[in-house]
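J.: Sharing a structure below in structure tokens format, with a few things to ask.
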Amino acid sequence: MSANESQASPRPAQPTATSDAVKDSAFLRACRREPVPHTPVWFMRQAGRSLPEYRKVREGIPMLESCMRPELVTEITLQPVRRHGVDAAIYFSDIVVPLKAIGIDLDIKPGVGPVVERPIRTRADLAQLRDLTPEDVSYVTEAIGLLTAELGSTPLIGFAGAPFTLASYLVEGGPSRTYENAKAIMYGDPELWSDLLDRLADITAAFLKVQIEAGASAVQLFDSWAGALAPADYRRSVLPASAKVFEAVAGYGVPRIHFGVGTGELLKPMSEAGADVVGVDWRVPLDEAVRRVGPGKALQGNLDPTVLFAGTEAVETKTREVLDAAAGLEGHIFNLGHGVMPSTNPDALTRLVEYVHTQTVR
């Protein structure tokens, strides 16, 4: 079935069977901009290399393989919930998993990141991007079933990489600082670029749908590299594809979060893509971010991850600044301004969760 045919007769969105306790959680209430008993906390990359228990269970197992073992995914996803007492779990995976699932020849090289064997740089290369089906990622459905049975009243966040960030990896062939090949297509062959992002939007939407239908009670779209773009280029060449993803999952009624790094100048257009919550990195104070984003959105963020290396007093001082800047927001989810760094002391994260909870109790 072609992408166009699948769009013509989409599977109707079904409400997820989220329990009343999960729906009433502080995290989901904050996403909906409702009163909360305390400011909810979770961390990007909270399930990962900063935890010794994670390193132990991952020992000898390649990253992509670890994402395809339901019981291992379940254990890793639960680890930060047990250790830190965070208000939401995020599904353990990687943004390139759906690309691997449809047959893209790629691997995650230790110390490098995703590396693509045959980069996509011509129209003929688009043939590598077929539709994603639930059967391609049956291990995701299985893992989320195991997780929701274990998590109880703690919400599970599903996630995916945004079309621009996925396109950057696919075109560059791996991580890049300049995105010269991706931008060359974006500027020089806008029709090919549009078709590439459109296909990736379909794949991303399908991946999120699998997670929601399996039981995820919120989803986050990571546009990690969007900060490399000027606002006009983002609006013209990236926003339509991200908006397509958010629109595709709108019927499920789960909160949708949008996050990018270095996106202070993009907060307004990113907020227009359709998310309910806009993630903010550490470069823009939340009281300024709400002015840029505009009304009707909750905000997520935004402590600088490196503050966690500075000692308890400094962490509490900087956290207090974030909480004070968020005081006037309708909805605030406390997070870092990017992911947990691998050498972070896990105890610092545990103390941070407790501090935010005690400082914001209503």
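Taken together, the values in this text are just the output of simple stated rules run on the coordinates, not laboratory data. These numbers were taken from a predicted model, which means no experiment stands behind them. Glycine gets a Cβ as well: all are built from the backbone with ideal geometry, and neighbour counts include every protein chain shown.
J.: Lys/Arg Cβ at +1, Asp/Glu Cβ at -1, dipole of the range 160-220 taken about the Cα centre: which of 182, 197, 218 is farthest positive-ward?
T.: 218
J.: Now for a separate question. Normalised by the residues of the chain, what does the relative contact order come to in percent, with Cα pairs under 8 Å and at least six apart? Mind showing how you got there, number by number?
T.: Values: 679 pairs, mean separation 78.7, N = 362.
After rounding, I find 22 percent.
J.: Does anything in the range 120-139 have its amide N under 20 Å from the 7 Å Cα→Cβ label point of residue 69, and if so which residues?
T.: Zone members listed by number: 137-139.
J.: Next question. Give me the one-decimal nm value for the distance between modelled label points at residue 178 and residue 112, 7 Å along each residue's Cα-to-Cβ direction.
T.: So the two model labels end up 1.9 nm from each other.
J.: Then there's this: Compute a Gaussian network model of the chain, connecting alpha carbons closer than 10 Å, and tell me which residue from 134, 285, 231 fluctuates the most.
T.: The residue with the greatest mean-square fluctuation here is 134.
J.: Among 56, 297, 268, determine the one that fluctuates most according to a GNM of the chain built with springs between C-alpha atoms less than 10 Å apart.
T.: Highest fluctuation among the options: 56.
J.: Tell me, how many Å apart are the Cα centres for the range 121-190 and for the range 291-362?
T.: 28
J.: Which links in 183/318; 56/244; 56/297; 244/318; 109/297; 100/244 stretch past 32 Å when you go from one Cα to the other?
T.: Details: 183/318 36 Å; 56/244 39 Å; 56/297 39 Å; 244/318 36 Å; 109/297 37 Å; 100/244 22 Å.
Violating the 32 Å Cα-Cα cut-off are 183/318; 56/244; 56/297; 244/318; 109/297.
J.: From zero outward in steps of 20 Å, how is the percent of C-alpha pairs of the chain spread across the bins?
T.: 31, 62, 7
J.: Continuing with this model, one more query. Farthest toward the dipole's positive end in the chain, which of 116, 92, 273, given Cβ charges of +1 (Lys, Arg) and -1 (Asp, Glu) about the Cα centre?
T.: Of the listed residues, the answer is 273.
J.: Given the rule -39500 (n - 2.57) for each run of at least 4 DSSP H residues, summed and divided by the residues of the chain, what is its mean residue ellipticity at 222 nm, to the nearest 500 deg cm²/dmol?
T.: -13000 deg cm²/dmol
J.: Filter the trypsin sites (Lys or Arg not before Pro) in the range 166-220 down to the DSSP loop ones having no more than 14 other Cβ atoms within 10 Å, then list what survives. Write down the numbers at each step before the final one.
T.: Values: sites: 177, 183, 199, 209; in loops: 177.
The qualifying sites are 177.
J.: Here is a further query. Taking only Cα atoms and a 10 Å spring cutoff, compute GNM fluctuations for the chain and point out the largest among 310, 162, 88.
T.: Among 310, 162, 88, the largest mean-square fluctuation in the Gaussian network model of the chain belongs to 310.
J.: Continuing with this model, one more query. Suppose we keep just the DSSP beta bridges with both residues in the chain; what percent of those would be antiparallel, to 5?
T.: If we restrict to bridges inside the chain, about 15 percent are antiparallel.
J.: Under the definition of Cα pairs under 8 Å and six or more residues apart, what whole-number percent is the relative contact order of the range 187-270?
T.: Working: 79 pairs, mean separation 35.6, N = 84.
In percent, rounded to a whole number, it is 42.
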